[in-house]
Ligand SMILES: C[S@@+](CC[C@H](N)C(=O)[O-])C[C@H]1O[C@@H](n2cnc3c(N)ncnc32)[C@H](O)[C@@H]1O
(Lines give C-alpha, C1' and ligand atoms only; values in the text may rest on other atoms or scores of the structure.)
Protein backbone atom coordinates (compact mmCIF):
# COMPACT_ATOMS: atom_id res chain seq x y z
CA UNK A 1 0.00 0.00 0.00
CA UNK A 2 3.02 2.25 0.55
CA UNK A 3 3.56 2.26 -3.24
CA UNK A 4 0.32 4.20 -3.49
CA UNK A 5 1.85 6.88 -1.20
CA UNK A 6 -1.47 7.83 0.38
CA UNK A 7 -1.61 11.25 2.07
CA UNK A 8 -4.09 12.77 4.54
CA UNK A 9 -6.82 14.59 2.66
CA UNK A 10 -6.35 12.42 -0.44
CA UNK A 11 -9.15 10.65 -2.27
CA UNK A 12 -8.59 6.98 -3.12
CA UNK A 13 -10.61 4.36 -4.98
CA UNK A 14 -10.42 0.80 -3.70
CA UNK A 15 -11.84 -0.89 -6.79
CA UNK A 16 -12.10 -4.32 -5.14
CA UNK A 17 -12.87 -3.37 -1.57
CA UNK A 18 -13.72 -6.95 -0.51
CA UNK A 19 -13.29 -7.32 3.25
CA UNK A 20 -11.90 -3.77 3.44
CA UNK A 21 -8.27 -4.68 4.23
CA UNK A 22 -6.67 -2.42 1.60
CA UNK A 23 -8.99 0.47 2.44
CA UNK A 24 -8.18 0.12 6.10
CA UNK A 25 -4.44 0.12 5.31
CA UNK A 26 -4.85 3.40 3.36
CA UNK A 27 -6.81 4.91 6.23
CA UNK A 28 -4.23 3.78 8.78
CA UNK A 29 -1.36 5.24 6.74
CA UNK A 30 -3.21 8.58 6.66
CA UNK A 31 -4.36 8.65 10.31
CA UNK A 32 -7.92 8.16 9.14
CA UNK A 33 -7.70 11.39 7.14
CA UNK A 34 -8.19 10.02 3.61
CA UNK A 35 -11.45 9.56 1.71
CA UNK A 36 -12.18 6.18 0.18
CA UNK A 37 -14.59 5.12 -2.51
CA UNK A 38 -14.84 1.34 -2.25
CA UNK A 39 -16.30 -0.66 -5.12
CA UNK A 40 -17.18 -4.35 -5.18
CA UNK A 41 -19.32 -6.44 -7.49
CA UNK A 42 -20.26 -8.75 -4.60
CA UNK A 43 -22.86 -7.21 -2.29
CA UNK A 44 -21.97 -9.72 0.43
CA UNK A 45 -18.38 -8.43 0.48
CA UNK A 46 -19.73 -4.90 0.93
CA UNK A 47 -21.67 -5.97 4.02
CA UNK A 48 -18.39 -7.08 5.61
CA UNK A 49 -16.35 -4.07 4.58
CA UNK A 50 -19.14 -1.79 5.73
CA UNK A 51 -18.93 -3.05 9.29
CA UNK A 52 -15.10 -3.18 9.27
CA UNK A 53 -14.81 0.38 7.98
CA UNK A 54 -17.78 1.86 9.89
CA UNK A 55 -15.42 3.55 12.37
CA UNK A 56 -14.19 5.86 9.59
CA UNK A 57 -17.72 7.27 9.11
CA UNK A 58 -18.35 9.39 6.05
CA UNK A 59 -14.70 9.06 4.91
CA UNK A 60 -15.74 5.77 3.32
CA UNK A 61 -18.36 5.39 0.62
CA UNK A 62 -19.12 1.86 -0.57
CA UNK A 63 -20.69 1.15 -3.94
CA UNK A 64 -22.01 -2.08 -5.45
CA UNK A 65 -20.80 -2.10 -9.03
CA UNK A 66 -18.31 -3.65 -11.39
CA UNK A 67 -14.97 -1.84 -11.49
CA UNK A 68 -15.44 -1.57 -15.26
CA UNK A 69 -17.93 1.17 -14.30
CA UNK A 70 -15.38 3.16 -12.26
CA UNK A 71 -15.92 6.24 -14.46
CA UNK A 72 -19.71 6.14 -13.96
CA UNK A 73 -19.33 5.55 -10.21
CA UNK A 74 -17.08 8.61 -9.83
CA UNK A 75 -19.29 10.75 -12.08
CA UNK A 76 -22.39 9.82 -10.07
CA UNK A 77 -20.60 10.80 -6.85
CA UNK A 78 -19.66 14.13 -8.44
CA UNK A 79 -15.96 13.35 -8.06
CA UNK A 80 -13.24 14.73 -10.31
CA UNK A 81 -9.73 13.30 -10.48
CA UNK A 82 -8.56 11.04 -7.64
CA UNK A 83 -5.20 10.64 -5.90
CA UNK A 84 -4.91 6.88 -6.15
CA UNK A 85 -6.62 3.72 -7.32
CA UNK A 86 -6.02 0.16 -6.09
CA UNK A 87 -7.28 -3.19 -7.27
CA UNK A 88 -6.69 -6.55 -5.61
CA UNK A 89 -7.89 -8.92 -8.30
CA UNK A 90 -9.57 -12.27 -7.92
CA UNK A 91 -11.51 -13.76 -5.06
CA UNK A 92 -11.48 -13.05 -1.35
CA UNK A 93 -10.89 -15.88 1.10
CA UNK A 94 -14.44 -15.28 2.29
CA UNK A 95 -15.80 -15.96 -1.19
CA UNK A 96 -13.80 -19.17 -1.46
CA UNK A 97 -14.50 -20.49 2.01
CA UNK A 98 -17.85 -19.11 3.13
CA UNK A 99 -19.91 -17.80 0.24
CA UNK A 100 -21.52 -21.16 -0.60
CA UNK A 101 -21.22 -20.35 -4.32
CA UNK A 102 -19.10 -23.27 -5.44
CA UNK A 103 -15.75 -21.45 -5.83
CA UNK A 104 -13.91 -24.22 -3.97
CA UNK A 105 -13.28 -27.69 -5.33
CA UNK A 106 -13.09 -28.89 -1.72
CA UNK A 107 -16.73 -28.07 -0.88
CA UNK A 108 -20.00 -29.49 -2.01
CA UNK A 109 -21.88 -26.34 -3.01
CA UNK A 110 -24.16 -25.29 -5.86
CA UNK A 111 -22.09 -24.61 -8.97
CA UNK A 112 -22.61 -20.86 -9.20
CA UNK A 113 -19.26 -18.95 -9.12
CA UNK A 114 -20.85 -15.55 -9.79
CA UNK A 115 -19.13 -12.81 -7.79
CA UNK A 116 -22.10 -10.60 -8.63
CA UNK A 117 -25.41 -12.44 -8.15
CA UNK A 118 -27.07 -10.22 -10.77
CA UNK A 119 -25.00 -11.82 -13.56
CA UNK A 120 -27.10 -14.11 -15.74
CA UNK A 121 -24.80 -17.03 -16.50
CA UNK A 122 -23.63 -19.37 -13.72
CA UNK A 123 -20.88 -22.00 -13.68
CA UNK A 124 -23.62 -24.62 -13.81
CA UNK A 125 -24.86 -23.16 -17.13
CA UNK A 126 -21.34 -23.17 -18.61
CA UNK A 127 -20.49 -26.68 -17.42
CA UNK A 128 -23.76 -28.21 -18.59
CA UNK A 129 -24.42 -26.27 -21.76
CA UNK A 130 -21.12 -25.44 -23.51
CA UNK A 131 -20.23 -27.88 -26.29
CA UNK A 132 -17.16 -30.06 -25.75
CA UNK A 133 -14.92 -28.05 -28.05
CA UNK A 134 -15.94 -24.76 -26.45
CA UNK A 135 -15.39 -26.20 -23.00
CA UNK A 136 -11.93 -27.53 -23.92
CA UNK A 137 -10.97 -24.13 -25.37
CA UNK A 138 -12.19 -22.31 -22.31
CA UNK A 139 -10.28 -24.61 -19.93
CA UNK A 140 -7.15 -24.36 -22.08
CA UNK A 141 -7.28 -20.58 -22.48
CA UNK A 142 -8.39 -19.45 -19.03
CA UNK A 143 -6.87 -22.32 -17.05
CA UNK A 144 -3.73 -22.99 -19.10
CA UNK A 145 -4.62 -26.66 -18.46
CA UNK A 146 -2.85 -29.18 -20.66
CA UNK A 147 -5.49 -31.84 -19.92
CA UNK A 148 -8.27 -29.54 -21.16
CA UNK A 149 -9.60 -31.82 -23.90
CA UNK A 150 -9.72 -34.87 -21.66
CA UNK A 151 -11.42 -32.90 -18.92
CA UNK A 152 -13.99 -31.43 -21.34
CA UNK A 153 -14.81 -34.90 -22.68
CA UNK A 154 -15.20 -36.29 -19.16
CA UNK A 155 -17.55 -33.43 -18.26
CA UNK A 156 -19.62 -34.04 -21.40
CA UNK A 157 -19.85 -37.75 -20.63
CA UNK A 158 -20.92 -37.16 -17.03
CA UNK A 159 -23.54 -34.56 -17.88
CA UNK A 160 -24.93 -36.93 -20.52
CA UNK A 161 -26.07 -39.10 -17.61
CA UNK A 162 -27.32 -36.31 -15.37
CA UNK A 163 -26.63 -32.57 -14.96
CA UNK A 164 -23.57 -31.56 -12.94
CA UNK A 165 -24.92 -29.47 -10.09
CA UNK A 166 -22.24 -29.07 -7.45
CA UNK A 167 -18.61 -28.05 -7.09
CA UNK A 168 -17.61 -31.40 -5.60
CA UNK A 169 -19.27 -33.37 -8.43
CA UNK A 170 -17.30 -31.29 -10.92
CA UNK A 171 -14.04 -31.59 -8.95
CA UNK A 172 -14.39 -35.40 -8.85
CA UNK A 173 -15.08 -35.63 -12.59
CA UNK A 174 -11.98 -33.52 -13.30
CA UNK A 175 -9.78 -35.50 -10.89
CA UNK A 176 -10.75 -38.84 -12.37
CA UNK A 177 -10.22 -37.62 -15.95
CA UNK A 178 -6.50 -36.99 -15.33
CA UNK A 179 -4.36 -40.11 -14.77
CA UNK A 180 -3.29 -40.21 -11.09
CA UNK A 181 0.42 -40.21 -11.92
CA UNK A 182 -0.04 -36.83 -13.65
CA UNK A 183 -1.89 -35.16 -10.77
CA UNK A 184 0.00 -32.03 -9.71
CA UNK A 185 2.06 -32.53 -6.58
CA UNK A 186 1.14 -29.41 -4.68
CA UNK A 187 -2.26 -28.37 -6.05
CA UNK A 188 -5.64 -30.02 -6.54
CA UNK A 189 -6.10 -31.40 -10.09
CA UNK A 190 -9.24 -29.24 -10.47
CA UNK A 191 -7.49 -25.95 -9.63
CA UNK A 192 -6.91 -24.80 -13.20
CA UNK A 193 -10.33 -25.84 -14.49
CA UNK A 194 -12.11 -24.10 -11.61
CA UNK A 195 -10.06 -20.96 -12.33
CA UNK A 196 -11.03 -21.16 -16.00
CA UNK A 197 -14.74 -21.52 -15.35
CA UNK A 198 -14.73 -18.74 -12.79
CA UNK A 199 -12.93 -16.40 -15.21
CA UNK A 200 -15.54 -17.17 -17.88
CA UNK A 201 -18.52 -16.70 -15.54
CA UNK A 202 -17.27 -13.30 -14.35
CA UNK A 203 -15.68 -12.13 -17.61
CA UNK A 204 -12.64 -11.41 -15.49
CA UNK A 205 -9.90 -10.84 -18.06
CA UNK A 206 -11.85 -8.50 -20.32
CA UNK A 207 -13.01 -6.58 -17.24
CA UNK A 208 -9.42 -5.92 -16.15
CA UNK A 209 -8.60 -4.34 -19.52
CA UNK A 210 -11.70 -2.13 -19.53
CA UNK A 211 -11.02 -1.10 -15.94
CA UNK A 212 -7.37 -0.14 -16.48
CA UNK A 213 -8.03 1.94 -19.59
CA UNK A 214 -10.77 3.82 -17.71
CA UNK A 215 -8.95 4.09 -14.38
CA UNK A 216 -5.64 5.71 -15.37
CA UNK A 217 -7.21 8.84 -16.94
CA UNK A 218 -9.19 9.32 -13.70
CA UNK A 219 -5.97 9.91 -11.75
CA UNK A 220 -4.70 13.41 -11.18
CA UNK A 221 -1.15 13.97 -12.50
CA UNK A 222 1.14 12.33 -9.93
CA UNK A 223 -1.70 10.07 -8.76
CA UNK A 224 -0.88 6.37 -8.55
CA UNK A 225 -2.48 3.08 -9.48
CA UNK A 226 -1.50 -0.26 -7.90
CA UNK A 227 -2.84 -3.63 -9.03
CA UNK A 228 -2.30 -6.98 -7.29
CA UNK A 229 -2.72 -10.12 -9.42
CA UNK A 230 -2.86 -13.77 -8.47
CA UNK A 231 -2.20 -15.62 -11.71
CA UNK A 232 -0.15 -15.10 -14.81
CA UNK A 233 -3.12 -14.35 -17.10
CA UNK A 234 -4.13 -11.35 -15.00
CA UNK A 235 -0.56 -10.17 -14.60
CA UNK A 236 0.08 -10.34 -18.35
CA UNK A 237 -2.90 -8.09 -19.01
CA UNK A 238 -1.85 -5.53 -16.41
CA UNK A 239 1.72 -5.55 -17.74
CA UNK A 240 0.57 -5.05 -21.35
CA UNK A 241 -2.00 -2.35 -20.63
CA UNK A 242 0.50 -0.45 -18.47
CA UNK A 243 3.01 -0.69 -21.33
CA UNK A 244 0.48 0.70 -23.80
CA UNK A 245 -0.47 3.55 -21.47
CA UNK A 246 3.20 4.32 -20.90
CA UNK A 247 4.08 4.30 -24.60
CA UNK A 248 4.40 7.62 -26.36
CA UNK A 249 4.57 7.39 -30.15
CA UNK A 250 3.03 4.19 -31.52
CA UNK A 251 3.87 4.85 -35.18
CA UNK A 252 5.69 2.07 -37.06
CA UNK A 253 9.47 2.64 -36.73
CA UNK A 254 9.88 3.01 -40.50
CA UNK A 255 7.84 6.26 -40.55
CA UNK A 256 10.18 9.27 -40.85
CA UNK A 257 8.13 11.30 -38.35
CA UNK A 258 5.42 10.74 -35.76
CA UNK A 259 1.89 10.90 -37.11
CA UNK A 260 0.01 9.54 -34.10
CA UNK A 261 0.78 12.32 -31.60
CA UNK A 262 0.24 9.83 -28.80
CA UNK A 263 1.51 10.98 -25.43
CA UNK A 264 2.52 8.71 -22.59
CA UNK A 265 0.08 9.00 -19.67
CA UNK A 266 1.65 6.54 -17.23
CA UNK A 267 5.05 6.22 -15.66
CA UNK A 268 5.54 2.55 -14.74
CA UNK A 269 6.91 2.26 -11.20
CA UNK A 270 7.49 -1.50 -11.22
CA UNK A 271 9.52 -2.71 -14.22
CA UNK A 272 9.21 -6.17 -12.72
CA UNK A 273 6.26 -6.92 -10.45
CA UNK A 274 6.75 -6.84 -6.70
CA UNK A 275 6.28 -10.19 -4.98
CA UNK A 276 5.78 -10.92 -1.28
CA UNK A 277 8.78 -11.61 0.92
CA UNK A 278 9.19 -15.04 2.55
CA UNK A 279 7.66 -13.84 5.80
CA UNK A 280 4.49 -12.52 4.20
CA UNK A 281 4.17 -15.62 2.02
CA UNK A 282 4.43 -17.84 5.11
CA UNK A 283 1.83 -15.81 6.98
CA UNK A 284 -0.63 -15.52 4.14
CA UNK A 285 -0.95 -18.46 1.76
CA UNK A 286 -2.94 -16.45 -0.77
CA UNK A 287 -0.18 -13.84 -1.06
CA UNK A 288 2.34 -16.46 -2.28
CA UNK A 289 1.55 -16.04 -5.93
CA UNK A 290 0.74 -12.33 -5.71
CA UNK A 291 2.35 -9.86 -8.11
CA UNK A 292 1.96 -6.15 -7.66
CA UNK A 293 2.36 -3.61 -10.44
CA UNK A 294 2.08 0.14 -10.01
CA UNK A 295 2.18 3.26 -12.14
CA UNK A 296 2.04 7.03 -11.76
CA UNK A 297 -0.12 9.31 -13.90
CA UNK A 298 1.88 11.75 -15.97
C1 LIG B 1 -9.05 -10.40 -3.38
S2 LIG B 1 -10.56 -9.72 -2.94
C3 LIG B 1 -10.16 -8.14 -2.30
C4 LIG B 1 -9.72 -8.18 -0.89
C5 LIG B 1 -9.50 -6.81 -0.31
N6 LIG B 1 -8.34 -6.14 -0.88
C7 LIG B 1 -9.34 -6.87 1.19
O8 LIG B 1 -8.32 -6.39 1.69
O9 LIG B 1 -10.22 -7.40 1.85
C10 LIG B 1 -11.24 -9.30 -4.48
C11 LIG B 1 -12.58 -8.62 -4.42
O12 LIG B 1 -12.79 -8.04 -5.70
C13 LIG B 1 -14.12 -8.21 -6.07
N14 LIG B 1 -14.15 -8.14 -7.52
C15 LIG B 1 -13.62 -9.02 -8.40
N16 LIG B 1 -13.83 -8.59 -9.65
C17 LIG B 1 -14.49 -7.41 -9.55
C18 LIG B 1 -14.96 -6.48 -10.50
N19 LIG B 1 -14.83 -6.69 -11.81
N20 LIG B 1 -15.57 -5.36 -10.05
C21 LIG B 1 -15.70 -5.14 -8.71
N22 LIG B 1 -15.29 -6.00 -7.78
C23 LIG B 1 -14.69 -7.11 -8.19
C24 LIG B 1 -14.50 -9.55 -5.49
O25 LIG B 1 -15.89 -9.64 -5.32
C26 LIG B 1 -13.73 -9.57 -4.17
O27 LIG B 1 -14.52 -9.11 -3.12
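The values are calculated or read from the model by the stated rules, or taken from the named source; none is laboratory data. The structure displayed is predicted, hence computed values, not measured ones. Because the Cβ atoms are built from the backbone with ideal geometry, glycine has one as well, and the counts that use them run over all protein chains shown.
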Identify, by number, the condition in (1) under 30 Å from residue 196 (Cβ atoms); (2) at pLDDT 95 or above; (3) near the ligand (Cβ under 9 Å from one of its atoms) that residue 47 doesn't meet. (3)
If you check 193, 270, which single one turns out to be surrounded by 13 or more Cβ atoms within 10 Å (Cβ to Cβ) and in the same structural domain as residue 141 (by TED's automatic domain parsing)? 193
With the condition kept exactly as written, say whether any residue in the range 262-273 is within 30 Å of residue 116 (Cα to Cα) and in contact (Cβ under 8 Å) with a residue 40 or more places away in the chain. yes
Report, by residue number, each residue of the range 8-44 that is more than 9 Å from the ligand (Cβ to nearest atom), part of a loop (DSSP other than H, G, I, E, B) and in contact with a strand residue (DSSP E or B) (Cβ under 7 Å, 6 or more places away or on another chain). 10, 34
Which numbered condition trips up residue 84, out of (1) buried (at least 20 other Cβ atoms within 10 Å of the Cβ); (2) part of a loop (DSSP other than H, G, I, E, B)? (2)
Suppose the filter is modelled with pLDDT of 95 or more and within 16 Å of the ligand (Cβ to nearest atom); does residue 210 pass it? yes
Within the range 58-81, count every residue that is within 12 Å of the ligand (Cβ to nearest atom), out of contact with any helix residue (DSSP H, G or I) (no Cβ under 6 Å at 6 or more places or on another chain) and assigned to a loop (DSSP other than H, G, I, E, B). 1
Scan the range 92-107 and give yes if some residue there is near the ligand (Cβ under 9 Å from one of its atoms), assigned to a loop (DSSP other than H, G, I, E, B) and within 16 Å of residue 42 (Cβ to Cβ), otherwise no. yes
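Residue by residue, here is whether (1) surrounded by fewer than 21 Cβ atoms within 10 Å (Cβ to Cβ); (2) touching a residue at least 12 places away in the same chain (Cβ under 8 Å); (3) closer than 22 Å to residue 101 by Cα holds:
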site: 28; (1), (2), (3): yes, no, no
site: 31; (1), (2), (3): yes, yes, no
site: 36; (1), (2), (3): no, yes, no
site: 39; (1), (2), (3): no, yes, yes
site: 49; (1), (2), (3): no, yes, yes
site: 61; (1), (2), (3): yes, yes, no
site: 64; (1), (2), (3): yes, yes, yes
site: 74; (1), (2), (3): no, yes, no
